[in-house]
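Notes follow once the structure below has been shown.
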Amino acid sequence: MRLALILFGALLMPLSAHAQQKPKWTLVIHGGAGIIEKGKLAPEQEAGAIAGLSAALDAGAQVLADGRSALDAVQAAVQVLEDDPHFNAGRGAVFTWDGRNELDAAIMDGSNRAAGAVAGTTTTRHPVALARKVMEASPHVLLTGAGADQFAQEQGLEQVGNDWFATPERREQLDKMKANDKLGWFDVDLKYGTVGAVAMDTHGHVAAATSTGGLTGKRWGRIGDSPLIGAGTYADDRAGAVSATGAGEFFIREGAAHEICARVRFKGESLKQAADTVMADIKALGGTGGVILTGPNGEMAWSFNTPGMYRGKASADGVRVVALYGDEK
């Protein structure tokens, strides 16, 4: 009888293992969170956002399908979004109070926790590429302002005039904000268009990248959470990869991205459980936004406390989702 049970269990093991097998690679992206509701977006805005997210998924997924690194994949996906004026990163970034585009970005490799970031850069077409150069070609993690621009030129990264990032819609948003004192620090339409990507590659390593133009009308060299490792961007093979979007001051105070990974490591929570808890904490502080996540076990998730979040995910198993609104599954 005992032998029969052992044999029966052995027969079931391959089926069970197959059912729990993780995908060979995963990719999750976002293009911002906020008051994104059906009927409030113009049809062309909705179509443009969906097309942009789809193109970013295609770019990152192709990298992963080719067997390249999660780091390459998140950079590829984010660069597509940086070139798309539907999002607040790269071309289409919001204006500072002084009428400039100042860009922030970060990237992190979960295999060794190497990281690079830039803040207040003004002339590099792809800030995420500059963040990676900081990680790989400098002894530092974070460069800012004129120094970041100088480093980009020395590294031979593609340079553009600051006006390349500008769009009439973003200029109009700044003008609207200046005309209304009550808007304060918040984006005019309460949509945080920061972009980001997290991925797991075929080797089981994870990576995260985030890029943003910050908040409309930001002043005094304000820097949000996106380029701050552990706040808006974090990756650790022991837990997962996180990219955030939202009211950055609250994500900084929470140490949101690292807090999520710490809960996974030390409490044994899933990424989704940890993210929901941290987003609830941020909401209690008065902050809004969201996060995307993936882990070395193949988990893909997102969590947000706003009406919607531009988001998408894909995996080697054929999963592919692009969504904008909160009620989309």
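Before moving on, here are some points about what is shown:
- With R₀ set to 30 Å, the beta-carbon distance separating LYS283 from ASN112 gives a calculated FRET efficiency near 0.35.
- The string of couplings for region 85-98 from the Karplus curve (6.51, -1.76, 1.60, θ = phi - 60°) is x, 6, 10, 8, 6, x, 5, x, 5, 6, 8, 6, 4, 8 Hz, one whole number per residue in order, with x for Gly and Pro.
- Largest accessible area first, the listed residues ASP237, ASP58 line up as ASP58, ASP237 when surface is computed with a 1.4 Å probe on the assembled protein chains.
- A straight line joining the Cα centroids of region 119-161 and region 250-328 runs 28 Å.
- Extension gain (nm, one decimal) between ARG238 and ALA65, 0.36 nm per residue minus Cα-Cα: 60.0 nm
- Taken as entire DSSP H runs, the helices of the chain that both span 24 Å or more between Cα atoms along their own long axis and average 1.0 or more on the Kyte-Doolittle scale are 2-20.
- Note on the chain: with a GNM built from Cα contacts shorter than 10 Å, the maximum mean-square fluctuation among LEU142, LEU81, LEU103 falls on LEU142.
- A Förster radius of 25 Å combined with the Cβ-Cβ distance from HIS140 to ASP98 puts the calculated FRET efficiency at roughly 0.40.
- Only Cα pairs under 8 Å and 6+ residues apart enter the sum, and on that basis the relative contact order of the chain stands at 24 percent.
- Each Lys or Arg adds one and each Asp or Glu takes one away; over the other residues whose Cβ falls under 15 Å from the Cβ of GLY318, this sums to +2.
- Computed accessible area, TYR325, all protein chains, 1.4 angstrom probe, square angstrom: 20
- Our summary gives region 64-151 a relative contact order of 21 percent, counting only alpha carbon pairs under 8 angstrom and 6 or more residues apart.
- Within a Gaussian network of the chain (alpha carbon springs, distance under 10 Å), most fluctuating of GLY298, GLY286, GLY232: GLY286
- When the pairs LYS40/LYS176; LYS176/LYS313; LYS40/LYS272; LYS272/LYS313; LYS178/LYS283; LYS22/LYS272 are compared against a 24 Å limit on Cα-Cα distance, LYS176/LYS313; LYS40/LYS272; LYS178/LYS283 fall above it.
- Short-range pairs are left out: with C-alpha atoms under 8 Å and at least six residues apart, the relative contact order of region 117-258 is 19 percent.
- Estimated at the nearest 10 Å², the accessible area of ILE36 is 0 Å² with a 1.4 Å probe.
- Residue of LYS38, LYS267, LYS22 that the Gaussian network model of the chain assigns the largest fluctuation, springs spanning Cα pairs under 10 Å: LYS267
The values are calculated or read from the model by the stated rules, or taken from the named source; none is laboratory data. Values in this document were obtained by computation on a predicted structure and should not be read as measured data. Neighbour counts run over all protein chains shown; Cβ positions are idealised from the backbone, glycine included. Each accessible area value is taken on the protein alone, full model and side chains, heavy atoms only, with ligands, DNA and RNA left out. Shrake-Rupley method; radii C 1.70, N 1.55, O 1.52, S 1.80 Å.
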